[in-house]
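S.K.: Here it is, the structure in full.
The values are calculated or read from the model by the stated rules, or taken from the named source; none is laboratory data. Since the model is a prediction, treat every value here as computed from it, not as a measurement. Note that we place each Cβ from the backbone using ideal geometry, even for glycine, and neighbour counts take in every protein chain shown.
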């Protein structure tokens, strides 16, 4: 246990809780012989100065709150107060209502002192609210209320730069400690100015949206990301986040968009429902699709349509099936139901003998092909399968394959089964489902509304990873370290265009960006 004397924003329990510190108990206290100042530069220049104390004379005093804390919270305080950089720790004696007690507190270091600084009204309001709650003296409250403040100008609405950028999820953000997210934007802190280097430990690999919301003076301390996504935060807090987006962009490098897990959950819930098999005869309808194209000798590819509800609205987008021919026999990978005309064209290629499922989030059209062609059904152990159907064969690394000159890679750390087949042809062809994607631009199977939405969210990124899959399956970096060991030249994915030539190098860049491997 330790006692901590808070005199600035850490008087306020909502603000202190937002920093990850939850005291066992708190009481008002007075530190005699010291003066309150606001001369420590905030990390971000627009925020002006924050609290500090300096030795004074016998008549000087600082009122604050004495917090009794668990030892584990000292590390949180040190991080938040930039211990050893912006502040140092010192021990003081404070007087409570019934005793004199020793406590630690923080005082500003010379490199961060600027006596021209003023606090913002936001920062001062947090202190005043905490001081009022703690019942500090009326005289001291009046002193706080009379403190001059720094004025912050108006900022225009933040807009994402009109450049091709990546899309990040919690999993890919967490894997790179140089990245941080705020709102829907992701920033690289690696080359920030020296005084902000301390933020890499504090913000690195994290989404800071809720942190900033709870550090606003309008916060109740109970806000959630759902509140933010639904717009249920104060207009002042929205403006505050908008200001910080501009400041992040000044201080760091904007590199892409951020999708909250709460957003992706809404879409994956619908996806999960769409592949829930209850009656094998109740097949998923055939939807518009393209022609079957031969990408490489005996390797065919066809794109079709999928509709699902995402983020509260209906989306229409494309998905792909790959067909492998060997000795006149066809293996269908990532099935897409074709029209009767399309099936006739498929049957001309050979006899359909295998249905191969590489992703647990796909498979809605498997029952149709299993029944119609009485095929062998290949799945990954642990996959959900149609009711009343058992897989005939299991895909395993170094195990039996549906066709020759092929190998199987399995994601070992994911919550849901997913794999990739490598064909030992043309320098290596990777056939993926949801893990690897290559949506570079919309095709004819998208509707207008979906194109607009996905364009705004930067879905159309070359050699990308599946965002819904990342959220639902939560792969770890080691899977991508292992995947990098497999040589290949081309990729045929469940979503997007065939990536022909130099595919491995392009995906390796994505692995580095998203998982730092």
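S.K.: Look through 264, 213, 233 and report the one residue that is part of a helix (DSSP H, G or I), at pLDDT 85 or above and touching a helix residue (DSSP H, G or I) at 6+ places or on another chain (Cβ under 8 Å).
M.R.: Just a single option satisfies the conditions, and that option is 213.
S.K.: Same structure, new question: Determine whether region 2-14 contains at least one residue that is over 20 Å from residue 116 (Cβ atoms) and surrounded by fewer than 19 Cβ atoms within 10 Å (Cβ to Cβ).
M.R.: yes
S.K.: How many residues does region 108-126 hold that are under 14 Å from residue 83 (Cα atoms) and assigned to a loop (DSSP other than H, G, I, E, B)?
M.R.: From region 108-126, those under 14 Å from residue 83 (Cα atoms) are 108-112; that's our starting set.
Pick out the ones that are also assigned to a loop (DSSP other than H, G, I, E, B) and you get 109.
The number of residues fulfilling the criteria is 1.
S.K.: Could you list, in sequence order, the residues of region 117-137 that are without any contact (Cβ under 8 Å) to a residue 24 or more places away in the chain and either surrounded by fewer than 15 Cβ atoms within 10 Å (Cβ to Cβ) or at positive phi (or both)? First the steps, then the outcome.
M.R.: Of all residues in region 117-137, those without any contact (Cβ under 8 Å) to a residue 24 or more places away in the chain come to 128, 132.
132 - this is the single residue of region 117-137 that is without any contact (Cβ under 8 Å) to a residue 24 or more places away in the chain and either surrounded by fewer than 15 Cβ atoms within 10 Å (Cβ to Cβ) or at positive phi (or both).
S.K.: From the list 419, 449, 427, which one is surrounded by fewer than 21 Cβ atoms within 10 Å (Cβ to Cβ), more than 25 Å from residue 307 (Cβ to Cβ) and touching a residue at least 60 places away in the same chain (Cβ under 8 Å)?
M.R.: Details: 419 fails: surrounded by fewer than 21 Cβ atoms within 10 Å (Cβ to Cβ); 449 fails: more than 25 Å from residue 307 (Cβ to Cβ).
None of the others qualify; the one that does is 427.
S.K.: Sort out which residues of region 77-94 are more than 20 Å from residue 130 (Cα to Cα) and outside any strand (DSSP E or B), and write them in order of number. Quick ask: steps written out before the conclusion?
M.R.: Start the filter on region 77-94 by keeping residues that are more than 20 Å from residue 130 (Cα to Cα), which leaves 78-79, 82-93.
The answer is 78, 79, 82, 84, 85, 86.
S.K.: Considering only region 199-210, how many residues are out of contact with any helix residue (DSSP H, G or I) (no Cβ under 8 Å at 6 or more places or on another chain) and either touching a residue at least 40 places away in the same chain (Cβ under 8 Å) or part of a strand (DSSP E or B) (or both)? Step through it out loud before you land on a result.
M.R.: Of region 199-210, the ones out of contact with any helix residue (DSSP H, G or I) (no Cβ under 8 Å at 6 or more places or on another chain) are 199-200, 203-204, 208.
From what is left, the residues that are either touching a residue at least 40 places away in the same chain (Cβ under 8 Å) or part of a strand (DSSP E or B) (or both) are 199.
Residues flagged as out of contact with any helix residue (DSSP H, G or I) (no Cβ under 8 Å at 6 or more places or on another chain) and either touching a residue at least 40 places away in the same chain (Cβ under 8 Å) or part of a strand (DSSP E or B) (or both) within region 199-210 amount to 1.
S.K.: Right, something else. Could you list, ordered by first residue, the pairs with Cβ atoms under 7 Å in which the first is in region 70-83 and at negative phi and not assigned by TED's automatic domain parsing to the domain that holds residue 203 and the second is at pLDDT 90 or above and crowded, with 19+ Cβ neighbours inside 10 Å, at least 6 apart or interchain?
M.R.: That search, which allows pairs on different chains as well, returns 73/21; 76/21; 77/4; 77/21; 81/87; 81/106.
S.K.: Looking at region 164-183 only, could you name the residues that are outside any strand (DSSP E or B), at pLDDT below 90 and within 17 Å of the chain's Cα centre (by Cα)? Outline the logic, then answer.
M.R.: Filtering region 164-183 down to residues outside any strand (DSSP E or B) leaves 164-165, 169-178, 183.
When the remaining residues are screened for being at pLDDT below 90, the result is 164-165, 169-176.
Listed by number, the residues that qualify are 165, 169, 170, 171, 172, 173, 174, 175, 176.
S.K.: Answer yes if at least one residue in region 184-193 is touching a strand residue (DSSP E or B) at 6+ places or on another chain (Cβ under 9 Å), part of a loop (DSSP other than H, G, I, E, B) and either closer than 22 Å to residue 77 by Cβ or free of Cβ contacts under 8 Å to residues at least 40 places away in the same chain (or both), and no otherwise. Steps first, answer last, please.
M.R.: Start the filter on region 184-193 by keeping residues that are touching a strand residue (DSSP E or B) at 6+ places or on another chain (Cβ under 9 Å), which leaves 184-192.
Remaining after also requiring part of a loop (DSSP other than H, G, I, E, B): 184, 189-192.
Restricting the remaining residues to those that are either closer than 22 Å to residue 77 by Cβ or free of Cβ contacts under 8 Å to residues at least 40 places away in the same chain (or both) gives 189.
Among the residues of region 184-193, at least one is touching a strand residue (DSSP E or B) at 6+ places or on another chain (Cβ under 9 Å), part of a loop (DSSP other than H, G, I, E, B) and either closer than 22 Å to residue 77 by Cβ or free of Cβ contacts under 8 Å to residues at least 40 places away in the same chain (or both), which makes the answer yes.
A quick yes/no check of all residues on (1) surrounded by fewer than 23 Cβ atoms within 10 Å (Cβ to Cβ); (2) touching a residue at least 40 places away in the same chain (Cβ under 8 Å); (3) under 37 Å from the mean Cα position of the chain (by Cα); (4) not assigned by TED's automatic domain parsing to the domain that holds residue 294:
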position	(1), (2), (3), (4)
327	yes, no, no, no
337	yes, yes, yes, no
347	yes, no, no, no
350	yes, no, no, no
359	no, yes, yes, no
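S.K.: Condition first: closer than 24 Å to residue 145 by Cβ and exposed (fewer than 13 other Cβ atoms within 10 Å of the Cβ). Now tell me which residues in region 93-113 satisfy that.
M.R.: If the condition is that a residue be closer than 24 Å to residue 145 by Cβ and exposed (fewer than 13 other Cβ atoms within 10 Å of the Cβ), then 97 is the only one that fits.
S.K.: Moving to a separate point now. For region 267-292, how many residues meet the condition of being touching a strand residue (DSSP E or B) at 6+ places or on another chain (Cβ under 9 Å), buried (at least 16 other Cβ atoms within 10 Å of the Cβ) and modelled with pLDDT of 60 or more?
M.R.: Qualifying residue count for the region: 5.
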